[in-house]
Amino acid sequence: MLIRIRRGWEIPESQVTPENCFLDRRRLLKTAAAGSMLIGSAGLLTACDDMSVAEAAEDDDPSAKLYPVSRNERYTLDRPITDESLATSYNNFYEFGSSKNIAAKAQALPIRPWTVTFDGMVEEPREVDIDDLLARMPLEERLYRHRCVEAWSMAVPYSGFPMKALVDFAKPLSSAKYVKMTTFLDPEVAGGQRAAWYPWPYVEGLTMAEATHELAFIATGLYGKPIVKQNGAPLRLAVPWKYGFKHIKSIVRFEFTDERPKSYWEVIQGSEYGFWANVNPEVPHPRWSQASERVLGLNEQVPTLLYNGYAEFVADLYKDIDTAEERLFM
Ligand SMILES: Nc1nc2c(c(=O)[nH]1)N[C@H]1C(S)=C(S)[C@@H](COP(=O)(O)O)O[C@H]1N2
Ligand SMILES: [Mo]
């Protein structure tokens with residue numbers, strides 16, 4: 001018998017599923033196309049009918065046919081899913097500017113063809129086309145909380161695959177200690193990259209233990225569709241126990257190394273944005289408290305949880321690290 005113990009932060013699934021019109025509608029359309037439609041669908045369609053723009057855009061994306069994918073129920077939320085319109089219009093993506101309002105500018109990013117490079121300490125370096133990679137990876141959907149270091153948060157359904165599958169595919173040498181990830185560099189399409197005082201391209205890093213942890217996820221979809229450009233198409237990182245700036249977008253390279261990479265924000269201001277960046281309500285940012293967060297859409301302040309609520313999954317990763325030496329929460 002399978003006994004599942006509900007963790008402290010979990011709530012009944014019924015409180016999050018009503019947001020899932022996007023899935024219901026897509027299933028409905030597929031059923032209709034197959035000719036087995038029952039009456040009553042018109043009302044359902046109207047109820048969930050706010051996605052025509054996104055649907056038009058996905059017609060051009062060769063990965064659109066892969067989604068939606070089935071949800072992995074292991075990862076649950078303690079709050080409703082954030083509205084898709086909010087999660088795709090309130091973004092941090094400095095390549096396209098330092099405001100939250102970069103979605104329109106991000107549409108200039110060409111996402112096909114898109115080549116991902118695996119190199120550094122690997123058996124053999126290789127370059128892979130994103131659609132070939134997607135075809136080889138085990139796609140699933142996960143509901144994850146996202147906590148920005150700026151003390152706002154949301155809850156989103158990512159589709160994608162465990163980063164462990166990607167690491168296995170890359171075949172790193174046993175001497176590799178870190179994976180360094182790099183965002184595209186193209187100042188012609190990304191106006192922010194013309195600002196020479198930022199250390200472009202955006203870089204992030206994880207230890208091998210973090211990268212192969214079950215929660216580390218490569219998101220290639222969002223709300224049951226290919227991930228949109230402003231959220232980091234065609235592939236971005238999701239490590240929900242860490243602050244949002246670790247979630248590097250539009251990745252072109254995974255390099256395996258035995259040297260700890262210095263990440264983009266660490267170069268800009270290392271005293272405020274460190275390598276580890278694990279969420280901890282008791283460790284304030286030098287300029288503000290991290291004790292609570294503003295939940296986007298609810299406009300409600302809720303207490304922030306240790307490791308963003310994922311302590312039961314990840315605390316063990318850090319048990320042997322000397323906190324006098326390493327700032328795990330900054
Ligand atoms: N390449 C790149 N990745 C990035 C950023 C960025 O500016 N450039 N911003 C980060 C920050 S601070 C956050 S909070 C998240 C925001 O992701 P979202 O827009 O999908 O919510 O992306 C992260 N990834
Ligand atoms: Mo962030």
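Details
- Test: residue in the stretch 246-254 that is part of a loop (DSSP other than H, G, I, E, B), of a type in the set (F, W, Y) and in contact with a Ser or Thr (Cβ under 8 Å, 6 or more places away or on another chain): no
- Check on L306, surrounded by 17 or more Cβ atoms within 10 Å (Cβ to Cβ), without any contact (Cβ under 8 Å) to a residue 40 or more places away in the chain and closer than 17 Å to W241 by Cα: yes
- Counted residues, the stretch 268-293 - those being within 13 Å of ligand 1 (Cβ to nearest atom) and either closer than 16 Å to W200 by Cβ or not small (G, A, S) (or both): 7
- Residue among L185, L143, L109 that is closer than 22 Å to Q230 by Cα, open to solvent by less than 10 Å² (accessible area, probe 1.4 Å), of a type outside the set (V, I, T) and part of a loop (DSSP other than H, G, I, E, B): L109
- Residue check, G274 away from ligand 2 (no atom under 13 Å from the Cβ), more than 24 Å from F96 (Cβ to Cβ), touching a residue at least 40 places away in the same chain (Cβ under 8 Å) and open to solvent by less than 10 Å² (accessible area, probe 1.4 Å): yes
- Scope the stretch 201-221; condition within 24 Å of T88 (Cβ to Cβ) and either open to solvent by 10 Å² or more (accessible area, probe 1.4 Å) or part of a loop (DSSP other than H, G, I, E, B) (or both); matching residues: P201, Y202, L215, A216
- Condition met for P80 (away from ligand 1 (no atom under 11 Å from the Cβ), in a loop (DSSP other than H, G, I, E, B), without any contact (Cβ under 8 Å) to a residue 40 or more places away in the chain and not acidic (D, E)): no
The rows are residues; the columns are (1) closer than 25 Å to R79 by Cβ; (2) part of a strand (DSSP E or B).
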position	(1), (2)
E293	yes, yes
G297	yes, no
V302	yes, yes
N308	yes, no
V314	yes, no
L317	yes, no
D320	no, no
A324	no, no
R327	no, no
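- On inspection, Q269 passes the criterion of being open to solvent by 60 Å² or more (accessible area, probe 1.4 Å), without any contact (Cβ under 8 Å) to a residue 24 or more places away in the chain and under 22 Å from T323 (Cβ atoms).
- Residue count, the stretch 196-239 (criterion: within 22 Å of F275 (Cα to Cα) and of a type in the set (G, A, S)): 7
- Test: residue in the stretch 230-237 that is more than 22 Å from N101 (Cβ to Cβ) and either over 14 Å from the mean Cα position of the chain (by Cα) or surrounded by fewer than 20 Cβ atoms within 10 Å (Cβ to Cβ) (or both): no
- Across the stretch 112-137, the number of residues qualifying as of a type outside the set (S, T, N, Q) and open to solvent by less than 70 Å² (accessible area, probe 1.4 Å) comes to 15.
- Number of positions in the stretch 188-198 that are in a loop (DSSP other than H, G, I, E, B) and more than 16 Å from ligand 2 (Cβ to nearest atom): 6
- Selected residue (only one of F93, F118 is at pLDDT 95 or above and within 16 Å of ligand 2 (Cβ to nearest atom)): F93
- Taking every residue in the stretch 221-234 that is at positive phi and basic (K, R) and pairing it with any residue that is open to solvent by 10 Å² or more (accessible area, probe 1.4 Å) and away from ligand 2 (no atom under 16 Å from the Cβ), at least 6 positions away or on another chain, yields no pair with a Cβ-Cβ distance below 8 Å.
- In the stretch 129-151, the residues that are more than 19 Å from N72 (Cβ to Cβ) form Cβ pairs under 6 Å with partners that are within 11 Å of ligand 1 (Cβ to nearest atom) and assigned to a loop (DSSP other than H, G, I, E, B), at six or more places apart or across chains, as follows: V149/Y243.
- V179 buried (at least 21 other Cβ atoms within 10 Å of the Cβ) and of a type in the set (V, I, T): yes
The values are calculated or read from the model by the stated rules, or taken from the named source; none is laboratory data. Keep in mind that this is a model prediction, so the values were computed, not measured. Neighbour counts run over all protein chains shown; Cβ positions are idealised from the backbone, glycine included. Accessible surface areas use protein heavy atoms only, side chains included; no ligands, DNA or RNA. Shrake-Rupley method; radii C 1.70, N 1.55, O 1.52, S 1.80 Å.
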